[in-house]
1. What's the total number of residues in the range 73-87 that are part of a loop (DSSP other than H, G, I, E, B) and either farther than 18 Å from Phe237 by Cβ or modelled with pLDDT under 95 (or both)?
2. Return the total of residues in the range 21-56 being surrounded by 15 or more Cβ atoms within 10 Å (Cβ to Cβ) and under 12 Å from His89 (Cα atoms).
3. Test of understanding: among Asp9, Asp31, Asp19, which residue is of a type in the set (Asp, Glu) and in contact with a helix residue (DSSP H, G or I) (Cβ under 8 Å, 6 or more places away or on another chain)?
4. Determine if the range 149-161 includes at least one residue that is assigned to a strand (DSSP E or B) and under 22 Å from Ile257 (Cα atoms).
5. Are there any pairs with C-beta distances below 8 angstrom linking a residue in the range 9-31 that is without any contact (Cβ under 8 Å) to a residue 12 or more places away in the chain to a residue that is crowded, with 18+ Cβ neighbours inside 10 Å, with the two at least 6 apart or on different chains, and if so which?
6. Going by the conditions given, is Ser224 within 21 Å of Glu294 (Cβ to Cβ), in contact (Cβ under 8 Å) with a residue 12 or more places away in the chain and surrounded by fewer than 23 Cβ atoms within 10 Å (Cβ to Cβ)?
7. Only one of these is touching a strand residue (DSSP E or B) at 6+ places or on another chain (Cβ under 6 Å) and in a strand (DSSP E or B): Ile136, Ile104. Name it.
8. So which residues in the range 299-319 are in a helix (DSSP H, G or I) and out of contact with any helix residue (DSSP H, G or I) (no Cβ under 7 Å at 6 or more places or on another chain)?
Amino acid sequence: MIKIILGGDIYPAGHVQTDFITGNALNIFHDLLEEIIDSDLSIVNLECPLVSHISPIKKGRGAILQAKPDAIRGFIAAKWKVINLANNHSFDHGAQGLLETIDIIKKAGLSFIGAGANIEEANMPFIKNIKGENIIVYAMAEREFSVADRKSPGANPLDLINFINTINKYKQFGIFIVLIHGGKEYYPYPTPEMIRRCHFMIDMGADAVICSHTHCPLPWEIYSNKPIIYGLGNLIFESKNKMPDYWYKGYLAKLEIDNKSVIFKPIPYLQSMNFQGAKKMDIISEKIFINELENRSAKLKNIDFIEKEWIKFSLQNKEKYLSALFGYNKVMMKIKKFLLPMLHSEEEIRRALLLVQCETHREVLETIFKQLKH
(Lines give C-alpha, C1' and ligand atoms only; values in the text may rest on other atoms or scores of the structure.)
Protein backbone atom coordinates (compact mmCIF):
# COMPACT_ATOMS: atom_id res chain seq x y z
CA MET A 1 0.00 0.00 0.00
CA ILE A 2 1.15 3.53 -0.83
CA LYS A 3 0.35 6.37 1.59
CA ILE A 4 0.20 9.96 0.33
CA ILE A 5 -0.39 13.00 2.55
CA LEU A 6 -1.60 16.26 1.02
CA GLY A 7 -1.72 19.48 3.01
CA GLY A 8 -3.47 22.79 2.37
CA ASP A 9 -2.15 26.34 2.43
CA ILE A 10 0.95 27.17 4.48
CA TYR A 11 2.03 30.74 5.14
CA PRO A 12 5.29 30.42 7.16
CA ALA A 13 5.21 33.91 8.64
CA GLY A 14 4.02 35.58 11.83
CA HIS A 15 4.69 33.98 15.21
CA VAL A 16 5.43 30.60 13.65
CA GLN A 17 8.16 32.04 11.43
CA THR A 18 10.91 31.41 13.99
CA ASP A 19 10.04 27.71 14.16
CA PHE A 20 10.18 27.47 10.37
CA ILE A 21 13.55 29.24 10.25
CA THR A 22 15.04 27.05 12.98
CA GLY A 23 13.48 23.91 11.55
CA ASN A 24 11.49 23.11 14.70
CA ALA A 25 9.00 20.86 12.91
CA LEU A 26 7.47 19.50 16.13
CA ASN A 27 6.49 23.01 17.24
CA ILE A 28 4.85 23.60 13.87
CA PHE A 29 3.02 20.37 13.12
CA HIS A 30 2.78 18.75 16.58
CA ASP A 31 1.05 15.35 16.34
CA LEU A 32 0.43 15.80 12.59
CA LEU A 33 4.16 15.34 12.11
CA GLU A 34 3.96 11.56 12.46
CA GLU A 35 1.39 11.42 9.63
CA ILE A 36 3.68 13.43 7.33
CA ILE A 37 6.82 11.47 8.15
CA ASP A 38 5.05 8.10 7.91
CA SER A 39 3.81 8.78 4.37
CA ASP A 40 5.47 7.58 1.18
CA LEU A 41 4.84 10.95 -0.44
CA SER A 42 3.93 14.28 1.18
CA ILE A 43 2.81 17.37 -0.76
CA VAL A 44 1.90 20.79 0.61
CA ASN A 45 0.94 24.19 -0.81
CA LEU A 46 3.36 27.06 -0.08
CA GLU A 47 1.07 30.10 -0.15
CA CYS A 48 3.80 32.72 -0.66
CA PRO A 49 7.23 33.20 -2.22
CA LEU A 50 10.39 32.89 -0.11
CA VAL A 51 12.31 36.08 -0.85
CA SER A 52 15.46 37.86 0.31
CA HIS A 53 14.34 41.15 -1.27
CA ILE A 54 10.86 42.64 -1.26
CA SER A 55 9.56 43.48 -4.75
CA PRO A 56 5.74 43.46 -4.55
CA ILE A 57 3.75 43.45 -7.76
CA LYS A 58 0.71 45.66 -8.37
CA LYS A 59 -2.39 43.53 -8.07
CA GLY A 60 -5.29 45.95 -7.66
CA ARG A 61 -6.71 43.81 -4.85
CA GLY A 62 -5.59 41.11 -2.43
CA ALA A 63 -2.79 40.80 0.09
CA ILE A 64 0.89 40.61 -0.81
CA LEU A 65 2.51 37.71 1.04
CA GLN A 66 6.12 36.69 1.56
CA ALA A 67 8.34 34.76 3.97
CA LYS A 68 12.06 34.55 4.60
CA PRO A 69 14.21 32.16 2.54
CA ASP A 70 15.31 30.25 5.65
CA ALA A 71 11.68 29.24 6.30
CA ILE A 72 12.40 26.30 3.97
CA ARG A 73 14.08 24.60 6.95
CA GLY A 74 10.69 23.95 8.51
CA PHE A 75 9.54 22.08 5.40
CA ILE A 76 12.76 20.06 5.30
CA ALA A 77 12.54 19.11 8.99
CA ALA A 78 8.89 18.08 8.65
CA LYS A 79 9.80 15.77 5.73
CA TRP A 80 7.53 17.43 3.18
CA LYS A 81 8.73 16.03 -0.14
CA VAL A 82 6.96 18.23 -2.73
CA ILE A 83 6.14 21.94 -2.51
CA ASN A 84 3.13 23.03 -4.58
CA LEU A 85 3.51 26.53 -6.05
CA ALA A 86 0.30 26.57 -8.12
CA ASN A 87 -1.51 29.29 -6.20
CA ASN A 88 -2.53 32.95 -6.37
CA HIS A 89 0.35 34.24 -4.21
CA SER A 90 3.41 32.53 -5.72
CA PHE A 91 4.01 35.56 -7.98
CA ASP A 92 3.41 38.23 -5.31
CA HIS A 93 7.02 39.42 -5.71
CA GLY A 94 7.24 39.00 -9.43
CA ALA A 95 9.47 36.78 -11.53
CA GLN A 96 12.44 37.42 -9.26
CA GLY A 97 10.56 36.25 -6.18
CA LEU A 98 9.14 33.11 -7.79
CA LEU A 99 12.43 32.07 -9.37
CA GLU A 100 14.26 32.64 -6.08
CA THR A 101 11.67 30.45 -4.34
CA ILE A 102 12.16 27.66 -6.88
CA ASP A 103 15.93 27.91 -6.46
CA ILE A 104 15.60 27.69 -2.66
CA ILE A 105 13.39 24.60 -2.93
CA LYS A 106 15.82 22.90 -5.31
CA LYS A 107 18.86 23.65 -3.14
CA ALA A 108 17.00 22.23 -0.15
CA GLY A 109 16.72 18.91 -1.99
CA LEU A 110 12.92 19.13 -2.25
CA SER A 111 10.76 18.90 -5.35
CA PHE A 112 8.29 21.52 -6.55
CA ILE A 113 5.26 21.47 -8.78
CA GLY A 114 2.79 23.85 -10.42
CA ALA A 115 5.07 26.76 -11.39
CA GLY A 116 8.09 27.51 -13.54
CA ALA A 117 10.03 29.96 -15.68
CA ASN A 118 7.34 29.68 -18.38
CA ILE A 119 4.10 27.81 -19.09
CA GLU A 120 5.96 24.78 -20.43
CA GLU A 121 7.84 24.32 -17.14
CA ALA A 122 4.83 25.22 -14.98
CA ASN A 123 2.72 22.61 -16.78
CA MET A 124 5.09 19.72 -15.99
CA PRO A 125 3.70 17.13 -13.56
CA PHE A 126 5.64 15.60 -10.68
CA ILE A 127 6.33 11.90 -11.23
CA LYS A 128 7.71 9.41 -8.73
CA ASN A 129 7.84 5.63 -8.66
CA ILE A 130 6.79 4.35 -5.24
CA LYS A 131 6.78 0.63 -4.49
CA GLY A 132 6.57 -0.16 -8.18
CA GLU A 133 3.69 2.25 -8.93
CA ASN A 134 4.14 5.54 -10.77
CA ILE A 135 2.46 8.47 -9.00
CA ILE A 136 1.79 11.45 -11.28
CA VAL A 137 0.74 14.74 -9.65
CA TYR A 138 -0.48 17.67 -11.75
CA ALA A 139 -1.13 21.09 -10.17
CA MET A 140 -3.10 24.10 -11.46
CA ALA A 141 -4.30 27.45 -10.11
CA GLU A 142 -7.18 29.69 -11.09
CA ARG A 143 -6.08 32.69 -13.13
CA GLU A 144 -5.23 35.66 -10.95
CA PHE A 145 -2.01 37.64 -11.09
CA SER A 146 0.23 34.62 -10.70
CA VAL A 147 -0.10 32.47 -13.83
CA ALA A 148 2.67 31.74 -16.30
CA ASP A 149 2.56 32.26 -20.04
CA ARG A 150 4.79 31.36 -22.95
CA LYS A 151 7.46 33.90 -22.05
CA SER A 152 6.87 34.71 -18.36
CA PRO A 153 7.29 32.78 -15.09
CA GLY A 154 4.29 31.95 -12.94
CA ALA A 155 1.90 29.27 -11.76
CA ASN A 156 0.31 26.68 -14.00
CA PRO A 157 -3.15 28.04 -14.95
CA LEU A 158 -6.38 26.08 -14.60
CA ASP A 159 -6.63 25.30 -18.31
CA LEU A 160 -8.72 22.29 -19.34
CA ILE A 161 -6.96 21.99 -22.72
CA ASN A 162 -3.55 21.72 -21.03
CA PHE A 163 -5.06 19.30 -18.52
CA ILE A 164 -6.41 17.03 -21.28
CA ASN A 165 -3.09 17.08 -23.13
CA THR A 166 -1.20 16.25 -19.93
CA ILE A 167 -3.45 13.44 -18.72
CA ASN A 168 -3.50 11.89 -22.20
CA LYS A 169 0.29 11.91 -22.18
CA TYR A 170 0.92 10.58 -18.65
CA LYS A 171 -2.14 8.71 -17.34
CA GLN A 172 -1.13 5.46 -19.02
CA PHE A 173 1.96 5.30 -16.80
CA GLY A 174 0.29 5.31 -13.38
CA ILE A 175 -1.98 6.95 -10.80
CA PHE A 176 -2.89 10.52 -11.83
CA ILE A 177 -3.65 13.01 -9.02
CA VAL A 178 -4.86 16.56 -9.74
CA LEU A 179 -4.33 19.53 -7.42
CA ILE A 180 -6.43 22.67 -7.96
CA HIS A 181 -5.97 26.00 -6.21
CA GLY A 182 -9.34 27.65 -6.60
CA GLY A 183 -12.87 28.19 -5.37
CA LYS A 184 -14.53 31.08 -3.56
CA GLU A 185 -12.81 32.18 -0.38
CA TYR A 186 -14.89 31.80 2.80
CA TYR A 187 -17.70 29.99 0.97
CA PRO A 188 -18.53 26.57 2.52
CA TYR A 189 -19.42 24.75 -0.71
CA PRO A 190 -17.73 24.27 -4.07
CA THR A 191 -19.18 26.46 -6.81
CA PRO A 192 -21.38 24.73 -9.40
CA GLU A 193 -18.66 25.23 -12.01
CA MET A 194 -15.96 23.77 -9.75
CA ILE A 195 -18.06 20.64 -9.27
CA ARG A 196 -18.46 20.32 -13.05
CA ARG A 197 -14.72 20.76 -13.60
CA CYS A 198 -13.74 18.20 -10.97
CA HIS A 199 -16.27 15.66 -12.27
CA PHE A 200 -14.93 16.21 -15.78
CA MET A 201 -11.35 15.58 -14.63
CA ILE A 202 -12.37 12.30 -13.05
CA ASP A 203 -14.30 11.40 -16.22
CA MET A 204 -11.14 12.07 -18.23
CA GLY A 205 -9.11 9.64 -16.10
CA ALA A 206 -7.93 11.43 -12.95
CA ASP A 207 -7.77 9.13 -9.92
CA ALA A 208 -8.25 11.92 -7.34
CA VAL A 209 -8.80 15.68 -7.32
CA ILE A 210 -7.78 17.80 -4.31
CA CYS A 211 -8.57 21.52 -4.01
CA SER A 212 -7.34 24.30 -1.73
CA HIS A 213 -7.52 28.12 -1.49
CA THR A 214 -10.85 28.85 0.24
CA HIS A 215 -9.49 29.49 3.78
CA CYS A 216 -12.18 27.17 5.12
CA PRO A 217 -12.65 23.41 4.97
CA LEU A 218 -15.03 22.21 2.26
CA PRO A 219 -16.77 18.85 1.87
CA TRP A 220 -15.64 15.91 -0.24
CA GLU A 221 -17.36 13.32 -2.36
CA ILE A 222 -16.66 9.97 -3.99
CA TYR A 223 -17.46 10.32 -7.68
CA SER A 224 -17.13 7.27 -9.95
CA ASN A 225 -15.31 5.57 -7.06
CA LYS A 226 -12.68 8.37 -7.03
CA PRO A 227 -12.25 10.98 -4.27
CA ILE A 228 -12.80 14.68 -4.91
CA ILE A 229 -11.79 16.94 -2.00
CA TYR A 230 -13.15 20.45 -2.57
CA GLY A 231 -11.16 22.36 0.05
CA LEU A 232 -8.59 21.34 2.67
CA GLY A 233 -8.66 24.66 4.56
CA ASN A 234 -5.65 26.48 5.97
CA LEU A 235 -2.84 24.28 7.26
CA ILE A 236 -0.63 26.99 8.79
CA PHE A 237 -2.00 30.49 8.32
CA GLU A 238 -1.94 33.10 11.07
CA SER A 239 -4.00 36.28 10.83
CA LYS A 240 -3.54 39.57 12.63
CA ASN A 241 -7.31 39.87 12.86
CA LYS A 242 -9.84 37.71 14.66
CA MET A 243 -11.17 35.37 12.01
CA PRO A 244 -14.30 33.18 11.82
CA ASP A 245 -14.12 29.76 13.42
CA TYR A 246 -13.64 27.96 10.09
CA TRP A 247 -10.33 29.80 9.46
CA TYR A 248 -8.72 27.75 12.24
CA LYS A 249 -9.95 24.32 11.03
CA GLY A 250 -8.86 22.03 8.23
CA TYR A 251 -7.82 18.53 7.36
CA LEU A 252 -4.98 16.66 5.72
CA ALA A 253 -5.99 14.42 2.84
CA LYS A 254 -4.58 10.94 3.33
CA LEU A 255 -4.72 8.84 0.17
CA GLU A 256 -4.09 5.11 0.39
CA ILE A 257 -3.36 3.48 -2.95
CA ASP A 258 -3.66 -0.25 -3.31
CA ASN A 259 -4.09 -2.24 -6.52
CA LYS A 260 -4.90 0.94 -8.52
CA SER A 261 -7.71 2.02 -6.14
CA VAL A 262 -7.48 5.29 -4.17
CA ILE A 263 -9.03 5.48 -0.70
CA PHE A 264 -9.39 8.88 1.01
CA LYS A 265 -9.28 9.55 4.74
CA PRO A 266 -9.48 13.06 6.32
CA ILE A 267 -7.18 13.94 9.22
CA PRO A 268 -8.81 16.97 10.95
CA TYR A 269 -6.79 19.56 12.86
CA LEU A 270 -6.88 23.00 14.43
CA GLN A 271 -4.34 25.65 13.45
CA SER A 272 -3.11 29.01 14.77
CA MET A 273 -5.99 29.27 17.22
CA ASN A 274 -4.49 29.95 20.65
CA PHE A 275 -1.24 28.14 19.85
CA GLN A 276 1.36 28.10 17.09
CA GLY A 277 1.16 25.63 14.25
CA ALA A 278 -1.37 22.86 13.67
CA LYS A 279 -2.40 19.88 15.79
CA LYS A 280 -4.98 17.12 15.57
CA MET A 281 -8.45 17.68 16.98
CA ASP A 282 -9.48 15.76 20.05
CA ILE A 283 -11.80 12.79 19.49
CA ILE A 284 -15.04 14.68 20.22
CA SER A 285 -14.11 17.71 18.09
CA GLU A 286 -13.02 15.43 15.26
CA LYS A 287 -16.32 13.58 15.31
CA ILE A 288 -18.33 16.84 15.22
CA PHE A 289 -16.12 18.19 12.43
CA ILE A 290 -16.41 15.09 10.24
CA ASN A 291 -20.17 14.83 10.82
CA GLU A 292 -20.61 18.45 9.73
CA LEU A 293 -18.59 17.96 6.55
CA GLU A 294 -20.31 14.66 5.76
CA ASN A 295 -23.66 16.44 6.06
CA ARG A 296 -22.45 19.06 3.63
CA SER A 297 -21.02 16.34 1.39
CA ALA A 298 -24.46 14.72 1.15
CA LYS A 299 -25.89 18.01 -0.15
CA LEU A 300 -23.47 17.99 -3.10
CA LYS A 301 -25.72 15.46 -4.79
CA ASN A 302 -28.56 18.00 -4.82
CA ILE A 303 -27.56 20.26 -7.69
CA ASP A 304 -30.63 22.48 -7.12
CA PHE A 305 -29.45 23.16 -3.58
CA ILE A 306 -25.88 23.91 -4.75
CA GLU A 307 -27.10 26.32 -7.42
CA LYS A 308 -29.53 28.10 -5.05
CA GLU A 309 -26.84 28.53 -2.38
CA TRP A 310 -24.43 29.90 -4.97
CA ILE A 311 -27.00 32.38 -6.32
CA LYS A 312 -27.80 33.52 -2.79
CA PHE A 313 -24.11 34.02 -1.96
CA SER A 314 -23.44 35.84 -5.23
CA LEU A 315 -26.36 38.24 -4.75
CA GLN A 316 -25.16 39.01 -1.23
CA ASN A 317 -21.91 40.20 -2.83
CA LYS A 318 -23.48 41.95 -5.82
CA GLU A 319 -22.63 45.54 -4.88
CA LYS A 320 -19.03 44.67 -3.99
CA TYR A 321 -18.38 42.91 -7.29
CA LEU A 322 -20.13 45.44 -9.51
CA SER A 323 -18.36 48.29 -7.73
CA ALA A 324 -15.01 46.65 -8.40
CA LEU A 325 -15.96 46.02 -12.04
CA PHE A 326 -16.98 49.65 -12.61
CA GLY A 327 -13.87 50.99 -10.86
CA TYR A 328 -15.40 52.92 -7.97
CA ASN A 329 -13.03 54.82 -5.70
CA LYS A 330 -13.08 54.37 -1.90
CA VAL A 331 -15.76 56.99 -1.30
CA MET A 332 -18.01 55.55 -3.96
CA MET A 333 -17.40 52.04 -2.65
CA LYS A 334 -18.83 53.05 0.73
CA ILE A 335 -22.09 54.20 -0.80
CA LYS A 336 -22.09 51.61 -3.59
CA LYS A 337 -25.47 50.18 -2.64
CA PHE A 338 -27.18 53.47 -3.46
CA LEU A 339 -24.97 54.48 -6.39
CA LEU A 340 -25.34 51.36 -8.50
CA PRO A 341 -29.01 51.83 -9.49
CA MET A 342 -28.41 55.56 -10.08
CA LEU A 343 -25.28 55.29 -12.21
CA HIS A 344 -25.80 52.09 -14.15
CA SER A 345 -28.89 51.06 -16.05
CA GLU A 346 -29.94 47.46 -16.56
CA GLU A 347 -28.70 47.77 -20.14
CA GLU A 348 -25.22 48.86 -18.98
CA ILE A 349 -25.03 45.96 -16.54
CA ARG A 350 -26.03 43.54 -19.29
CA ARG A 351 -23.23 44.94 -21.50
CA ALA A 352 -20.79 44.35 -18.66
CA LEU A 353 -22.11 40.80 -18.36
CA LEU A 354 -21.48 40.25 -22.07
CA LEU A 355 -17.88 41.40 -21.76
CA VAL A 356 -17.05 39.02 -18.90
CA GLN A 357 -19.25 36.12 -20.04
CA CYS A 358 -18.28 35.79 -23.70
CA GLU A 359 -14.94 34.00 -24.08
CA THR A 360 -13.68 36.20 -26.91
CA HIS A 361 -14.74 39.51 -25.32
CA ARG A 362 -13.13 38.39 -22.07
CA GLU A 363 -9.95 37.51 -23.95
CA VAL A 364 -9.88 41.01 -25.47
CA LEU A 365 -10.30 42.58 -22.02
CA GLU A 366 -7.58 40.37 -20.51
CA THR A 367 -5.19 41.32 -23.30
CA ILE A 368 -5.90 45.05 -22.86
CA PHE A 369 -5.45 44.90 -19.07
CA LYS A 370 -2.23 42.88 -19.37
CA GLN A 371 -0.78 45.47 -21.73
CA LEU A 372 -1.78 48.29 -19.37
CA LYS A 373 0.37 46.66 -16.66
CA HIS A 374 3.57 47.24 -18.66
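1. Of the range 73-87, the ones part of a loop (DSSP other than H, G, I, E, B) are 78-81, 85-87.
Of the ones still in play, those that are also either farther than 18 Å from Phe237 by Cβ or modelled with pLDDT under 95 (or both) are 79, 81.
Residues meeting the conditions: 2.
2. So the answer is 6.
3. Working: Asp9 fails: in contact with a helix residue (DSSP H, G or I) (Cβ under 8 Å, 6 or more places away or on another chain); Asp31 fails: in contact with a helix residue (DSSP H, G or I) (Cβ under 8 Å, 6 or more places away or on another chain).
One residue alone meets the criteria, Asp19.
4. First, pick out the residues of the range 149-161 that are assigned to a strand (DSSP E or B): 154-155, 157.
Remaining after also requiring under 22 Å from Ile257 (Cα atoms): none.
No: the range 149-161 contains no residue that is assigned to a strand (DSSP E or B) and under 22 Å from Ile257 (Cα atoms).
5. Thr18/Asn24; Leu26/Leu33
6. Working: within 21 Å of Glu294 (Cβ to Cβ): yes; in contact (Cβ under 8 Å) with a residue 12 or more places away in the chain: yes; surrounded by fewer than 23 Cβ atoms within 10 Å (Cβ to Cβ): yes.
Spelling it out, Ser224 is indeed within 21 Å of Glu294 (Cβ to Cβ), in contact (Cβ under 8 Å) with a residue 12 or more places away in the chain and surrounded by fewer than 23 Cβ atoms within 10 Å (Cβ to Cβ).
7. Values: Ile104 fails: in a strand (DSSP E or B).
Unique residue meeting the criteria: Ile136.
8. Step one: of the range 299-319, the residues in a helix (DSSP H, G or I) are 299, 303-316, 318-319.
If the condition is that a residue be in a helix (DSSP H, G or I) and out of contact with any helix residue (DSSP H, G or I) (no Cβ under 7 Å at 6 or more places or on another chain), then Ile303, Asp304, Lys308, Glu309, Ile311, Lys312, Phe313, Ser314, Leu315, Gln316, Lys318 are the ones that fit.
The values are calculated or read from the model by the stated rules, or taken from the named source; none is laboratory data. Everything numeric in this text was worked out from a predicted model, so none of it was measured. Please note: Cβ atoms are built from the backbone with ideal geometry, for glycine as well, and neighbour counts cover all protein chains shown.
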